[in-house]
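S.K.: This structure is in structure tokens; I'll ask about it shortly.
Read-outs: derived from the displayed coordinates by stated rules, not from any lab. What you see is a predicted model, and the numbers here were worked out from it, not measured in a lab. Every residue, glycine among them, receives a Cβ derived from its backbone with ideal geometry; neighbour counts consider all protein chains shown.
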Amino acid sequence: MMGIVAIALLILVALLTLGVPLPWCFGGGLMFMSIAGGTTMKGMMLWGLGQLTNPVLLCVPLFIFAGTLMSESGIAKYLLDFVNVFVGGKRGGLGVVASVSCAIIGAISGSAFTGVAATGPILIPRMEKEGYPRGYATALVTDSSILGLLIPPSVVMIVYGWVTETSVLACFLATVGPGILVTILFSVINLVWSRKFDLQLEPKLKGKERTQQLKKRTWMALPALMMPVIILGGIYGGIMTPTEAAGVAVIYSIPVGFFVYKGLDFKSFFNIAWSAATSVGAIMVMIIFCLMLSQTLVMERVPQALVEMIFNITQNKVLLLLLVNFLLFIVGMIVNDITGVILVAPLLLPLMGAIGIDPIHFAAIMGVNLAMGGVTPPYASVLYLGMRIGNVEFVDILKPAMVFLILGYVPVVFLTSFWPNLALFLPRLLGYL
């Protein structure tokens, strides 16, 4: 049977290499296992459709819709102006605005794409005008946008909690520490690096003028800043479930977009709804095929065989964590984060349990690793989107993007893996452990 599994995985890798759409890549591997193995396609389809009725999964389309609405409503401009009041006029301050704004937008949408799509068109030209190289500005905004996968509510953590039957709320909290640390490190790297640029800084606001601008921009940004407060406060205050909070996010974002920021009209609203619906449809098709293939591998006892095989190589916890991080990095390079979670989490969770890694800690390990895949080729969907928005070539964005990842992100990956308190402090504090 392991030979059949190996061939199915080879088919999956071959189809991915050929550029076949993701759902059909997993469908190809599943079809082979259905023909050559002991599972039936009909039975797996019925099982997969049953899994899609789980209310927790309803969070995904709702948060995607809410994030798209807020992205198109003009929220990014007011958030940027709000953050810029505190660091504007300082060398490197605009780069700090990029990192912090993307973190805030991540707390609204739960998506990396929303961050770069909402802030990129505004911030990249603004940074270039101040004297930043366009490739550098695009790299900083693009890398910072993956904070949307770490700052709750995170779609990836919703899917992880659903697949592994782990508390979604605890998974949300597990990536907060790594997300904040990445934001700080990106800001520090930017402040150091920006000393090399000949920047034309805006005049610093002082005294009464600064106070007036702070009041004005805070008032304008308040509806946007209230959204993560309502969502996360409702969830952790026990008022709403994550699914209900996602619904509230949609309901809240519609009047804010129409009447407060006035970035929405009826035509754009229906275009946004159509775009979100097509994105959700593609994601759901991918999820069901990926989920069925993953479940088939579980039924064939692949996780147990994987644990036994790895333990025959080494039982050293440090080496095993390094091996798992390397595997997750490779997975993130070839498939998107949601696919990676559904495919890999059920396979690796028994191994993590065997070496004493808590499922919530493993949620953070998976989250930080797979988020990195969005900006590391060949998959790098977020990086390619950033290139299109910033209108830069690959050679222009590659070096600064990799510097931010290597110096600001990779250290957090290892800290998350080998210092459990970074991920588990908040879940413990709020009683989820």
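S.K.: May I ask which residue of 18, 145, 192 lies farthest towards the positive end of the charge dipole of the stretch 2-429, with charges of +1 (Lys, Arg) and -1 (Asp, Glu) on Cβ and the Cα centre as origin?
M.R.: It is 192.
S.K.: Same structure again: Take the chain, connect every pair of alpha-carbon atoms lying under 10 Å apart with a spring to form a Gaussian network, then pick out the residue of 312, 336, 190 with the largest mean-square fluctuation.
M.R.: The residue with the greatest mean-square fluctuation here is 312.
S.K.: Mind checking the dipole of the stretch 82-237: about its Cα centre, +1 per Lys or Arg Cβ, -1 per Asp or Glu Cβ, Debye to the nearest 20?
M.R.: With Lys and Arg at +1 and Asp and Glu at -1, about 820 debye.
S.K.: Return the long-range amide H neighbours of residue 358 (sequence gap of 5 or more, or a different chain), with a cut-off of under 5 Å between placed amide H atoms.
M.R.: none
S.K.: Another question, then. Taking H as built 1.01 Å from N, whose amide H comes closer than 5 Å to the amide H of residue 131, not counting residues under 5 places away?
M.R.: Correct list: 200.
S.K.: Still on this structure, please answer the following. Compute the helix-to-body angle for 242-255: its Cα long axis versus the longest principal axis of the chain, expressed 0 to 90° and rounded to tens.
M.R.: 30 degrees
S.K.: Further, regarding this structure: Put +1 on the Cβ of every Lys and Arg and -1 on every Asp and Glu Cβ in the stretch 169-265; which of 179, 212, 241 then has its Cα farthest towards the positive end of the dipole?
M.R.: Value computed over the given set: 212.
S.K.: Among 58, 323, 297, whose mean-square fluctuation peaks in a Gaussian network model of the chain (Cα, cutoff 10 Å)?
M.R.: Looking only at 58, 323, 297, the largest GNM fluctuation is found for 323.
S.K.: For the stretch 131-144, take each phi angle, set θ = phi - 60°, evaluate the Karplus expression 6.51 cos²θ - 1.76 cosθ + 1.60, and give the result in whole Hz per residue in order, putting x for glycine and proline.
M.R.: Per-residue couplings from phi come out as x, 6, x, 4, x, 5, 4, 5, 5, 5, 5, 5, 5, 5 Hz.
S.K.: Stick to the Cα atoms of the chain, pair each with every other, and give me the Kirkwood hydrodynamic radius in Å at one decimal. Numbers along the way, then the final one.
M.R.: Numbers: mean 1/r = 0.0448 Å⁻¹.
22.3 Å is the Kirkwood radius here.
S.K.: Output the Kirkwood hydrodynamic radius of the stretch 75-184, Cα pairs only, in Å rounded to one decimal. Don't skip to the answer; put the middle values down first.
M.R.: Working: mean 1/r = 0.0709 Å⁻¹.
With all distinct Cα pairs of the stretch 75-184 included, I get 14.1 Å.
S.K.: Among the aspartates and glutamates, select those whose C-alpha is under 16 Å from the C-alpha of residue 262, and discard any that sit fewer than 8 residues away in the same chain.
M.R.: Partners found: 72.
S.K.: Quick one: which residues, 5 or more positions from residue 432 or on another chain, have an amide H under 5 Å from its amide H? H modelled 1.01 Å from N in the peptide plane, none for Pro or chain starts.
M.R.: Residues meeting the criterion, in which the H sits 1.01 Å from N, do not exist here.
S.K.: Right, another one. How big is the dipole moment of the chain about its Cα centre under a simple scheme where the beta carbon of each Lys and Arg is +1, that of each Asp and Glu is -1, and everything else is neutral? Debye, nearest 20, please. Intermediate results must be reported in sequence, preceding the final value.
M.R.: Values: 23 positive and 17 negative charges, 259 e Å.
Rounded to the nearest 20 debye, it is 1240 debye.
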